[in-house]
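These notes are about the structure you will find just below.
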Amino acid sequence: MSELVKFSVESGVGVITVENPPVNALSPGVPEGIAESIGQAADGASVRAVVLIGAGRTFVAGADIKQLEEQAHGRGPGAPNLHQLLKSIEDCPKPVVVAIHGTALGGGLELAMAGHYRVASPDAQAGQPEVNLGIIPGAEGSQRLPRLVGVAAAIEMFVSGKAIGASEAVRLGLFDKIIEGDLRAGAVAFARHVAESGGPHRRTRDKTEKLGSPESNAAILDAGRERARKIRRNMIAPLRVIDAVEAAVALPFEEGCRREREIVEKCLAGEEARALIHAFFAERAVSKVRGISKETRTHSIRMAGVIGAGTMGTGIAMVLANAGITVLLKETDQAALDRGLASVRKNYESAVHKARLTAHEMEERIALIQPQLTYSGFGGADIIIEAVFENMSLKKQVFGEIDKIAKGDCVLATNTSTLDIDEIAGATSRPHMVVGIHFFSPAHVMRLVEVVRGARTDKEVIATAMALAKRLRKVGVLVGNCRGFVGNRMMLPYMREAQFLVEEGSTPSQVDQALYDFGIAMGIFAVDDMGGLDLGWRVLQDTKRLLKPGDRTPLVLEKLYDAHRWGQKTGAGWYRYEDGRTPIRDPEVEALIETTAEQAGIARRSISKEEIIERCLYVMINEGSRILGEGFAQRAADIDTIYITGYGFPAYRGGPMWYADTVGLSKIYERILEFHREHGEYWTPAPLLERLVRDRQTFAAFDAANEQAVTGSPESQ
Ligand code: 3H9
């Protein structure tokens, strides 16, 4: 018997327990172990029914994605074909009850659907998230789920990739029963009851009543494809899964399964799956900080102080309260504090309106946030997060103040997005306790948090900040203390290049359209308008002092600033706004760009979409290489995670550094050299990029080699 699957008989019920921590994935040994147990149960004279359950925190969370990764890179056979196993479960002469707790995802749910009954804990979830990995269900899920829940509901689960809760699963017919209390005991009792009642087995593959016909489903399939194009822009797998559902409707079960297998194999051979599997593991790798072991002590955080009740401060206070942490929220004047609290309530009310929160939960969370005008109580805080205006002297003043009142082991965090952590830490008597925790706006929505390590930040403080990010359900990425850290440091040249492109002949909407079509969530000029051009203008003034003679600076931004076109907040920026948020092309801005270029003697020309993408992305990739080479990011994959989770970079392209690998570093390098000749110093190739090109390497190989050097074991790539 496989070590990963246990079989025992309890009161006439054979219990098969999958024990493959942490998430009971279907790794080698698991399907074999289940198959063997099913055989034992079928043959065992004393066994009247079977329960299949997961040990530990969850039921089976799917295929082993490592195996899928191997297959996607042509290095292995991939996930096993589960057809025989699922058939043996469905054909088992004794009723098979699958007991679900935690998450039954992907192959886990597919396994469960082959059982005759499904019972679940109240907090169990079920989903088919394969599209998030650029594939479709590969263990007959595309054929069984529509038979259980109907075509429309199945398509929604496949395309969104979102899991549903137990009660919804019961409502849809996916689960048969919710079991309160001990799931194992409840499932065994249920299985005995089913065996005693002696009814015929319900095989999912034989169910047809919810399937309908190709004709009756035509409109549903069309609507599904439309939704897939909308919510999964530019992606292949979400459309292909609907082809598989179409096969479920039109073909006998076995043929539908073969069709599904063909599609999944094709998806796995594609760029989309490789990129998304990379993104999956990259997001998990960020939590591993080199030189800081899992055992590093972390400070426990029960109470937090937040300074500043502006947009960032209130967002951070909400995120902390959401995790059950008491928050002292400090402002300097009552009106600002009232505004901050009003925005907290408004944001929570909107969550209640969308049924993401109950009114009771909202009041509980608001009650955790204690507004105040003084530092009263801050001495008891386990962490203090400063979120005041982005100004060094103000931040230093605040850190000087909190240094006097915070307890000795209190973590002192700044939410700065660009300023020098060490200079801020220097305003305290305990720089080892100071760390950057850079949230992204709106903080209660955006998943990314950059944890910024100062020169003297203590390891335990870093570990605490990383653990806090996880507790807040954020993706915390450790970055070094350089100007703009990782995300904004790469954003700066990207923004600058986009402005040069409009001076040379594009329009803001052409640039934005090219970026949007590439897959970026929002064009750079629309982003600038949303954030406010006054911010960009301030950064521009600040960077001017770093300019060398002859350096080119963007010319139009200052004119827009002077014209009080500060973006959405003033109803006009690079675009104009009638409803406050939808960008509309503005001929006035285009005329201003043309005259500005003419006055500066810049010849305008028609610029291709391809050049727009190359200049915007390659400049960013070059900066990313510099950051990596200088050690301000641990891995290229960390940069990818930052851009996917914080900057709207399409996950199906794997992030900017992964994308660079797919284009080919030597091709990118050649273009960078050409741009260097044409446009000057800003395009100086990063030394790391030069080195990788010389060594015919990729960023993925660079990460793997570093990982091996540190841990002695090869990384996931
Ligand atoms: C599929 O099933 C295809 C089928 O249709 C075909 C079948 C033939 N495999 O996320 P966490 C690791 S596609 C391998 O931090 P959480 C993860 O890397 C699959 N490893 O925990 C991490 O490792 P480490 C469909 C996996 O509690 C550790 O487990 N299923 C897998 O925050 C903890 O992960 C999915 O897409 C896996 N399947 O969240 C589910 N899953 O510690 C993917 C996790 O070394 N998984 N690991 O970094 C998840 O969504 C979350 O992990 C889960 C737990 C919600 C389960």
**Request:** Just order 210-222, 519-531, 123-135 by mean Cβ neighbour count inside 10 Å, highest at the front, would you?
**Result:** 123-135, 519-531, 210-222
**Fill in**
Taking Cα atoms, the helix 487-504 axis meets the longest principal axis of the chain at an angle in degrees (rounded to 10) of 60
**Asked** For region 5-61, what D do you get in µm² per second when you plug the Kirkwood radius from alpha-carbon pairs into Stokes-Einstein at 25 °C and 0.890 mPa s?
**Response** 217
**Item:** Accessible-area ranking of H116, H564, H444, H83, largest first, probe 1.4 Å
**Value:** H564, H444, H83, H116
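Tell me, what is the Rg over Rh of region 112-230, with Rh the Kirkwood radius over Cα pairs?
Over the Cα atoms of region 112-230, Rg/Rh equals 1.01.
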**Asked** Computed over the Cα atoms, what is the radius of gyration of region 1-131 divided by 2.2 N^0.38 Å, N being its residue count?
**Response** 1.01
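Checking the a/c ratio against 1.5 first, then a/b against b/c, what shape does the Cα gyration tensor give for region 493-574? List each step's numbers first, then the result.
Details: a/c = 1.85, a/b = 1.23, b/c = 1.50.
It comes out oblate by the Cα gyration axes.
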**Request:** Could you sort 405-413, 107-115, 41-49 so that the peptide with the highest average Cβ count within 10 Å comes first and the rest follow in order?
**Result:** 107-115, 405-413, 41-49
**Prompt:** Quick one: which of 386-394, 318-326 comes out on top by average Cβ neighbours within 10 Å, and what's the full order, highest first?
**Reply:** 318-326, 386-394
**0 to 90° range, to nearest 10: angle between helix 359-368 axis and the chain longest Cα axis** = 50
**Message:** Given the options G380, S343, Q370, identify the residue whose Cα lies farthest towards the positive end of the charge dipole of region 340-392 (+1 on Cβ of Lys, Arg; -1 on Cβ of Asp, Glu).
**Reply:** S343
**Request:** Apply the Karplus parameterisation 6.51 cos²θ - 1.76 cosθ + 1.60, with θ equal to phi minus 60°, to every residue of region 613-620 and state each ³J(HN,Hα) to the nearest whole Hz, in sequence, with x for glycine and proline.
**Result:** 5, 4, 5, 5, 7, 5, 5, 6
**Charged-residue dipole, Cβ positions (Lys, Arg, Asp, Glu), region 352-454 about Cα centre, Debye nearest 20** = 160
**Prompt:** Which whole-number percentage describes the relative contact order of the chain, with Cα contacts under 8 Å and a sequence gap of 6 or more?
**Reply:** 9
**Item:** Å³ per residue enclosed by the Cα convex hull of the chain
**Value:** 174
**Request:** Using a/c under 1.5 as the rounded threshold, could you call region 376-532 rounded, prolate or oblate? The axes a ≥ b ≥ c are square roots of the C-alpha gyration tensor eigenvalues, and prolate needs a/b larger than b/c, oblate otherwise.
**Result:** prolate
**Request:** Might you report the magnitude of the Cβ-based charge dipole of region 325-364 about its Cα centre, with Lys and Arg at +1 and Asp and Glu at -1, to the nearest 20 debye?
**Result:** 200
**Fill in**
Percent antiparallel among DSSP beta bridges confined to the chain, rounded to 5, stands at 25
**Prompt:** For R585 and N706, what is the calculated FRET efficiency with R₀ set at 45 Å and r taken between the beta-carbons, to the nearest 0.05?
**Reply:** 0.50
**Request:** Just need the relative contact order of region 381-508 here, percent rounded to a whole number, with Cα pairs under 8 Å and 6+ apart.
**Result:** 20
**Cα-based radius of gyration of region 408-452 once divided by 2.2 N^0.38 Å, which approximates compact folds** = 1.22
**Complete:** Of every Cα-Cα pair in region 214-358, the percentage lying beyond 27 Å is 58
**Complete:** Residues whose modelled amide H sits under 5 Å from the amide H of L26, counting only those 5 or more places away in sequence or on another chain, are G62, A63, D64
**Request:** Return one quarter of the surface area of the convex hull spanned by the alpha-carbon atoms of region 570-717, equal to its mean projected area, in nm².
**Result:** 11.6
**Asked** How many lysine pairs in region 292-408, separated by 8 or more positions in sequence or lying on different chains, have Cα atoms less than 21 Å apart?
**Response** 10
**Message:** Helix 665-679 against the longest principal axis of the chain: what's the angle in degrees, Cα atoms only, rounded to the nearest 10?
**Reply:** 20
**Fill in**
The Cα radius of gyration of region 533-616, divided by 2.2 N^0.38 Å with N its residue count, comes to 1.21
**Prompt:** Across region 145-161, in residue order, what do the Karplus-derived ³J(HN,Hα) couplings come to in whole Hz, using 6.51 cos²θ - 1.76 cosθ + 1.60 with θ = phi - 60° and x for Gly and Pro?
**Reply:** 4, x, 5, 8, 10, x, 5, 5, 5, 5, 4, 4, 5, 5, 6, 6, x
**Prompt:** Size of the dipole of the chain about the Cα centre, Lys and Arg at +1 and Asp and Glu at -1 on the beta carbon, nothing else charged, in debye to 20?
**Reply:** 900
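Pull out the extension gain between R75 and K210, defined as 0.36 nm times the separation in residues minus the alpha carbon to alpha carbon distance; nm, one decimal.
Extending this stretch completely gives an extra 44.6 nm.
The values are calculated or read from the model by the stated rules, or taken from the named source; none is laboratory data. Predicted, not measured: the structure shown is a model, and the values here were computed from it. Reconstructed Cβ throughout: ideal geometry from the backbone, glycine too, with neighbour counts over all protein chains shown. What goes into the accessible areas is simple: the full protein's heavy atoms, side chains included, and nothing from ligands, DNA or RNA. Shrake-Rupley method; radii C 1.70, N 1.55, O 1.52, S 1.80 Å.
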